[in-house]
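The values are calculated or read from the model by the stated rules, or taken from the named source; none is laboratory data. Treat the numbers as computed from the prediction; the structure is a model and nothing was measured. Every residue, glycine among them, receives a Cβ derived from its backbone with ideal geometry; neighbour counts consider all protein chains shown. Quick note on the areas: whole protein, heavy atoms, side chains included, nothing else; ligands and nucleic acids left out. Shrake-Rupley method; radii C 1.70, N 1.55, O 1.52, S 1.80 Å.
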Amino acid sequence: MEMSAKDLVRVTIEAASEGAPHEWSTGGHFSVPASFLDATGLRQHLEDDGRLTIPAGFLPVSARYGEQLRLHCAFTETPPISARLPFSYQRVPVPLRTIVARVVSRVRRRSLATNEGFPAWPLDLSADLLLDLACEEGRQEEIGRTPVILTHDLDTREGLQNWVQIFLDLEEAVGARSTGFVVPCAWPLDLHLLDQARSRGHEIGVHGYDHSNQTAFLDSRRRIERLEAARELIEKFEVRGYRSPSLLRTRGLMSDLSRYYSYESSITTAGGILPVPSRGCASARPFRVEGITELPLSLPPEAGLCFIGFRPHEIFELWVSCAEQIAASGGVVVLLTHCEERFSGNSETREAYRLFLDYVASSSSFEWSTPARVLEREIV
Ligand SMILES: [Zn+2]
């Protein structure tokens, strides 16, 4: 059941049996392994144009197909240029980094628009489809409201200030609480602000070591030294989760994180743009990997969308459309925004976030949740 990138076939689900666990997939686009089509006999239900009918009475397949597809492109084992510089890329001035990121992103925007790759952008739920094809019968219980988790990567002192001074009010106004991932060893953290956020019911997470994009790629001994540096913060603020800077993640990192954290949330569901394109897990459901629970980042983060020139209302509409598909599939909505002025910290871009908060709060399909609450549910 070994799989290579060439082995994946793009299909559109033409029809799924009513009441089946995979019913939500009807009309959607997915990538499935050719070996899966052959082994399950589905190949004979595949049209030349990619339309695939899942016949009534289709027998459950092994869950290994979905589990394998989920990890097929999940990691960023090759460091991006920012992690290979002889100095921290954080020493490159922000305006210059922004220009580089914009140029790279816009060059890639065209390929995104016609993205047939794996995982697809802006959303790919192929692994979840395969997992549902492995289910014996309909879901045990009716899917309740879809959990929505709000997270922020607080890369700078400014980001942390904005989170506490601007974002908490916005979130609390709609009954939501967020998790702010802070960088433990880049600048002196204002612990008073962290206390304030916690006392208002928000959570603190850890965002790397010094945000130099190195930790994921170090050998385990040197990586542990960096992870240890956050120990005081973890204990003082009862930190349970980790988000890797620039979403860089390796199997080695996951394995070492399991010593310190209950969950990790750096694997995107879709193939993203930066820092490493076409990497993601094609799942919007929490899963276990290397001894830790992964909480996939299921909505496209705002930073990449800003770089490729999305306007705030386009960002909002994209989030809504992805969130609705995730809800139908039984996934978890996890959103990442940045609180710095150059991202959602400015009032214009923040409008996308505010609109999304209002949308979720007024919808009967969603409920505000937190990583801890989602972790309490059973993990497949
Ligand atoms: Zn960051």
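Remark: pairs (first residue in segment 325-342, polar (S, T, N, Q); second residue open to solvent by 20 Å² or more (accessible area, probe 1.4 Å); Cβ separation under 6 Å; 6+ apart in sequence or on different chains) = Gln325/Leu123; Ser329/Trp24. Screening Arg288 against (1) open to solvent by 10 Å² or more (accessible area, probe 1.4 Å); (2) among the charged types (D, E, K, R); (3) under 22 Å from Leu170 (Cβ atoms) leaves a single unmet condition, (3). Checking each residue in segment 314-332 for being part of a helix (DSSP H, G or I), farther than 12 Å from Tyr353 by Cβ and open to solvent by 10 Å² or more (accessible area, probe 1.4 Å) picks out Glu314, Glu317, Leu318, Val320, Ser321, Glu324, Gln325, Ala327, Ala328.
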